[in-house]
Number of protein chains: 2
Amino acid sequence: MSILIKNVLHEDTITDVLIEGNRIARIAPNLPSPEGAEVIDGTDKAVIPGFINTHTHAAMTLFRGYGDDLPLMEWLEDYIWPVEAKMTAHDVYVGARLACLEMLRSGTTCFLDMYMHPLETARAVEELGLRAHLSYTLFDQGGAERAALDRKRSYEYYEAFKAFSDRITFTLGPHAIYTVSGEQLQFCHKFAVEHNVKINLHLAETKGEVDECVRQHGLTPVRYLEKLGILSEHLIVAHVVWVDDEEMDLLAKHRVSVVHNPASNMKLCSGYTFKYEEMKKRGIRLGIGTDGCSSSNNLDMVIAMKLASLLGKAWRFSPTATKAADIYHSATIGGAEILEIPAGRIAEGMLADLSLVDLNVPELVPLNSLTSNLVYATSGSSCIDTVIIDGVIRMRDRYVPGQEEIIAEAREVARRLFGHG
Amino acid sequence: MSILIKNVLHEDTITDVLIEGNRIARIAPNLPSPEGAEVIDGTDKAVIPGFINTHTHAAMTLFRGYGDDLPLMEWLEDYIWPVEAKMTAHDVYVGARLACLEMLRSGTTCFLDMYMHPLETARAVEELGLRAHLSYTLFDQGGAERAALDRKRSYEYYEAFKAFSDRITFTLGPHAIYTVSGEQLQFCHKFAVEHNVKINLHLAETKGEVDECVRQHGLTPVRYLEKLGILSEHLIVAHVVWVDDEEMDLLAKHRVSVVHNPASNMKLCSGYTFKYEEMKKRGIRLGIGTDGCSSSNNLDMVIAMKLASLLGKAWRFSPTATKAADIYHSATIGGAEILEIPAGRIAEGMLADLSLVDLNVPELVPLNSLTSNLVYATSGSSCIDTVIIDGVIRMRDRYVPGQEEIIAEAREVARRLFGHG
């Protein structure tokens with residue numbers, strides 16, 4: 001199966017893009033159309049790499065708008081946890097389908113997830129056609145029974161994931177250093193090395209977490225992980241707001257990847273001083289994540305880029321910090337490097353994971369800079385017209401096949417869980 | 001002319017909304033359709049008040065994406081000013097048309113503007129059908145000649161604006177306390193009282209402005225204005241990042257209105273600690289503005305609300321600050337109170353300045369809270385389907401008549417000014 005995109009804007013030129021199988025095969029003007037190729041008119045559109053959302057909790061999309069503007073513990077205890085206790089595996093599937101739909105609509109082609117029932121999320125991803133790294137959440141809180149169960153499940157899920165297409169990859173998701181024991185974190189590291197998978201961990205998200213870590217272990221979070229011996233290129237840590245220079249040096253030295261989640265850091269007041277420039281200078285692989293909709297309310301990577309860039313300038317009073325091009329890099333190539341997939345760029349040989357942007361939406365006019373317009377002027381759901389993943393068209397003219405049913409189903413589950421649809 | 005919106009979500013119920021002339025006449029279920037009424041199906045849509053953008057520079061929409069991520073003086077001297085020097089009155093008209101198109105697309109029905117050639121902006125507003133308060137920029141920089149010209153023009157424009165419909169109101173726009181003399185500010189105050197118009201002023205935007213004001217006048221900006229005797233209900237001040245408690249007391253006492261511009265405050269690094277809660281507590285009328293696209297890159301009030309709410313929580317580490325409902329209030333009712341127009345609410349007797357939101361966009365599902373979803377989950381341009389202003393349908397099914405021509409014209413002017421379209 002081939003797809004030929006004709007006369008599309010790519011960087012600063014109008015060209016054609018030929019997709020063969022799941023790869024970008026040729027980029028050149030006036031390409032002949034191979035027999036049987038699907039031809040897409042790219043006039044007044046730009047081709048861009050699909051966004052890679054390196055930290056989210058897809059099924060929590062169902063929680064959107066439920067319990068905002070509340071103190072953290074009231075939000076968790078009175079809103080989030082009681083509903084999560086009622087959630088079934090099917091609800092996770094329905095929530096993940098809604099998440100995939102929203103991601104397609106806003107130009108995200110790949111994401112790194114952490115949630116319970118990862119096989120349900122995998123089913124949703126398989127159907128909607130995205131690429132994903134999906135973590136099972138390890139969450140023992142020091143309990144030996146749950147710890148044993150989590151270890152057992154890690155093996156079971158690792159095997160079960162083999163049933164899915166190679167767009168879908170299993171990763172381990174120890175929740176955080178305050179909910180998973182040091183021993184269990186070491187198990188994760190050993191498992192990751194043995195099976196060559198990633199570890200997805202919340203880290204140094206709040207000042208409280210750091211204080212508690214120092215109190216319990218006599219060390220700050222990154223130093224604690226170093227002592228456990230689990231800093232490695234397998235590790236992807238999300239948030240990482242509260243680290244000092246030496247800790248960033250350690251992350252760089254051990255090739256740990258870091259994901260910035262500006263929306264939830266702001267909304268939950270975890271901290272606004274994510275040290276993007278300091279980490280970039282150290283060569284740390286940096287990604288952008290939306291986090292889950294329970295805290296950040298949307299999965300739109302264009303909105304996440306906007307927040308990352310604006311916030312990064314604001315707190316340090318430097319208009320030259322967190323430049324649009326750097327943040328855009330993190331949301332595309334950075335994510336691909338973190339997940340080690342040949343994507344994130346429109347180039348021959350790369351995976352055909354890409355979007356067409358509708359350049360006729362008013363907020364992209366004039367086109368002094370497409371990168372700047374994307375980061376500062378629009379949202380993904382406003383301007384993304386077509387999405388291709390793994391060489392397959394998954395959205396065209398802003399329409400995803402089956403979207404009405406996905407929305408209806410999500411409303412039904414939400415009515416049961418929250419009393420609203 | 002009547003418009004009947006059938007079966008639309010209004011607050012928590014499905015109802016009908018009848019518009020007669022330029023007002024909302026009735027809100028009730030099962031309203032009969034008056035003879036000749038235009039009927040709109042509101043199924044899967046919500047009716048919301050049009051957003052009121054209380055600080056922007058419409059024509060600067062042409063500058064979008066031109067010179068981002070630069071130090072302030074390099075940006076002004078090498079990018080903004082050289083292009084502004086080349087701009088013709090016609091360019092202002094073209095830029096303002098593009099701005100009006102973008103505002104319609106994102107659900108803004110009314111705005112407060114400041115720019116040169118305000119008659120050109122008025123022409124654009126008249127054609128696109130928005131409501132606007134338009135300021136001529138007074139900018140004497142201490143020069144007697146320009147000061148005299150600005151005074152003369154204030155009278156001329158005031159007269160010339162009478163030719164436009166009553167959707168369009170003239171206001172005075174002294175640029176800032178560092179570009180307009182104290183005497184000229186006093187002229188503005190006298191003119192405003194005499195003709196009952198508003199004064200639109202940038203104030204206390206940067207720390208540098210405060211320091212310079214103290215150096216020159218021995219007083220901080222608000223105290224300086226108090227000494228000049230120009231604090232009054234005619235005055236609308238934008239930015240106002242750098243004020244102390246006593247200055248906020250003065251603003252409240254004299255019924256001065258304040259506009260928060262989170263995007264440009266962040267991007268230009270003017271300051272991130274806008275004291276929304278402190279001003280709200282004092283009963284100051286608060287509006288939300290996008291500022292111009294040269295600094296904030298879009299005119300989407302939904303994005304501006306998102307930034308206002310997230311930033312307001314982040315810097316003070318308080319998840320209960322700048323609640324979605326408060327910021328939404330400022331972007332609608334707050335703006336209407338500032339401009340003293342009977343709008344900003346969906347209620348009988350109010351101006352028919354409103355939008356229909358498409359509830360089937362994935363990022364508005366589920367609908368645990370429409371206000372939260374609007375503020376945190378979407379952008380205006382992603383979800384606004386229909387816009388009615390002054391009882392006239394100005395956008396329907398996301399289409400504004402003439403939008404192709406407006407975009408083509410803006411690209412042409414941008415190519416001349418910037419070398420890109």
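The values are calculated or read from the model by the stated rules, or taken from the named source; none is laboratory data. Nothing here was measured: the structure is a model prediction, and the numbers come from that model. So basically every Cβ, Gly included, is an ideal-geometry build from the backbone, and we count neighbours across all protein chains shown. With ligands, DNA and RNA removed, areas are computed over all heavy atoms of the protein, side chains included. Shrake-Rupley method; radii C 1.70, N 1.55, O 1.52, S 1.80 Å.
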Checked region A:108-123 for anything under 21 Å from A:Gly402 (Cα atoms), crowded, with 24+ Cβ neighbours inside 10 Å and over 13 Å from the mean Cα position of the chain (by Cα); matches are A:Thr121, A:Ala122
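Restricting attention to region A:190-224, which residues are part of a helix (DSSP H, G or I) and touching a residue at least 60 places away in the same chain (Cβ under 8 Å)? Quick ask: steps written out before the conclusion?
Kept after step one, since they are part of a helix (DSSP H, G or I), are these residues of region A:190-224: A:190-195, A:207-217, A:221-224.
Matches in region A:190-224: A:Lys207 only.
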Residue set A:Ala314, A:Ala325, A:Ala308; condition crowded, with 23+ Cβ neighbours inside 10 Å and within 19 Å of the chain's Cα centre (by Cα); output residue A:Ala308
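Quick check on my filter: what residues within region B:42-100 are of a type in the set (Gly, Ala, Ser) and either closer than 23 Å to A:Asn360 by Cα or in contact with a Gly (Cβ under 9 Å, 6 or more places away or on another chain) (or both)? Let's see the steps before the verdict.
Start the filter on region B:42-100 by keeping residues that are of a type in the set (Gly, Ala, Ser), which leaves B:42, B:46, B:50, B:58-59, B:65, B:67, B:85, B:89, B:95-96, B:99.
Selection gives B:Gly50, B:Ala58, B:Ala59, B:Gly65, B:Gly67, B:Gly95, B:Ala96, B:Ala99.
Taking the options A:Met266, A:Met301, name whichever one is assigned by TED's automatic domain parsing to the domain that holds A:Cys100 and touching a strand residue (DSSP E or B) at 6+ places or on another chain (Cβ under 7 Å). First the steps, then the outcome.
On the way: A:Met266 fails: touching a strand residue (DSSP E or B) at 6+ places or on another chain (Cβ under 7 Å).
Exactly one residue qualifies, and that residue is A:Met301.
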Here the residues within region B:341-357 that are more than 14 Å from the chain's Cα centre (by Cα) and over 21 Å from B:Ser2 (Cβ atoms) are B:Val357
Here, helices (runs of 4 or more DSSP H) confined to region A:290-391 with at least 2 residues that are within 13 Å of chain B (Cβ to nearest Cβ) and of a type in the set (Ser, Thr, Tyr) are A:380-383
Here the residues within region B:55-81 that are among the hydroxyl-bearing types (Ser, Thr, Tyr) and either in a helix (DSSP H, G or I) or at the interface with another protein chain (Cβ under 10 Å from one of its Cβ atoms) (or both) are B:Thr61, B:Tyr66, B:Tyr79
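Can we say A:Ala59 is open to solvent by less than 20 Å² (accessible area, probe 1.4 Å) and over 29 Å from the mean Cα position of the chain (by Cα)?
When the stated conditions are applied, A:Ala59 does not pass them.
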Picked from region A:262-280 (must be away from chain B (no Cβ under 12 Å) and either of a type outside the set (A, V, I, L, M) or buried (at least 24 other Cβ atoms within 10 Å of the Cβ) (or both)), the residue nearest to the chain's Cα centre (by Cα) is A:Tyr276
In region A:225-249, residues that are over 21 Å from A:Ser270 (Cβ atoms), not charged (D, E, K, R) and not in a loop (DSSP other than H, G, I, E, B) total 1
Selection from region B:11-30 of residues open to solvent by 20 Å² or more (accessible area, probe 1.4 Å) and modelled with pLDDT of 95 or more yields B:Thr13, B:Ile14, B:Glu20, B:Gly21, B:Asn22, B:Arg23, B:Ala25, B:Arg26, B:Ile27, B:Pro29, B:Asn30
Pairs returned, first residue in region B:82-102 that is within 10 Å of another protein chain (Cβ to nearest Cβ), second residue that is polar (S, T, N, Q), beta-carbon separation under 6 angstrom, 6 or more apart or interchain, are B:Gly95/B:Thr61; B:Leu98/B:Thr61; B:Ala99/B:Thr61; B:Leu101/B:Gln403
Out of (1) surrounded by fewer than 24 Cβ atoms within 10 Å (Cβ to Cβ); (2) at the interface with chain B (Cβ under 8 Å from one of its Cβ atoms), the one A:Gly283 does not meet is (2)
Pairs returned, first residue in region A:34-62 that is of a type in the set (Asp, Glu), second residue that is at pLDDT 95 or above, beta-carbon separation under 6 angstrom, 6 or more apart or interchain, are A:Glu38/A:Ile3; A:Asp41/A:Lys6; A:Asp44/A:Leu359; A:Asp44/A:Asn360
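Quick one: is A:Asp150 farther than 26 Å from A:Ser381 by Cβ and part of a helix (DSSP H, G or I)? Full working, then the answer.
Numbers: farther than 26 Å from A:Ser381 by Cβ: yes; part of a helix (DSSP H, G or I): yes.
Here the answer is yes, as A:Asp150 does meet what is asked.
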For region B:31-42, the count of residues that are open to solvent by 20 Å² or more (accessible area, probe 1.4 Å) and assigned to a strand (DSSP E or B) equals 3
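Among the listed residues B:Leu374, B:Leu364, which satisfies the condition of being among the aliphatic types (A, V, I, L, M), surrounded by 18 or more Cβ atoms within 10 Å (Cβ to Cβ), free of Cβ contacts under 8 Å to residues at least 24 places away in the same chain and within 25 Å of B:Ile27 (Cα to Cα)? Talk me through it step by step, then tell me what you get.
Working: B:Leu374 fails: free of Cβ contacts under 8 Å to residues at least 24 places away in the same chain.
The unique qualifying residue is B:Leu364.
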Original post:
Mind checking whether some residue in region A:89-107 is open to solvent by 10 Å² or more (accessible area, probe 1.4 Å), at pLDDT 95 or above and not in a helix (DSSP H, G or I)?
Top reply: no
Per the filter on region B:236-259, residues within 14 Å of chain A (Cβ to nearest Cβ) and either more than 22 Å from the chain's Cα centre (by Cα) or open to solvent by 10 Å² or more (accessible area, probe 1.4 Å) (or both) are B:Trp242
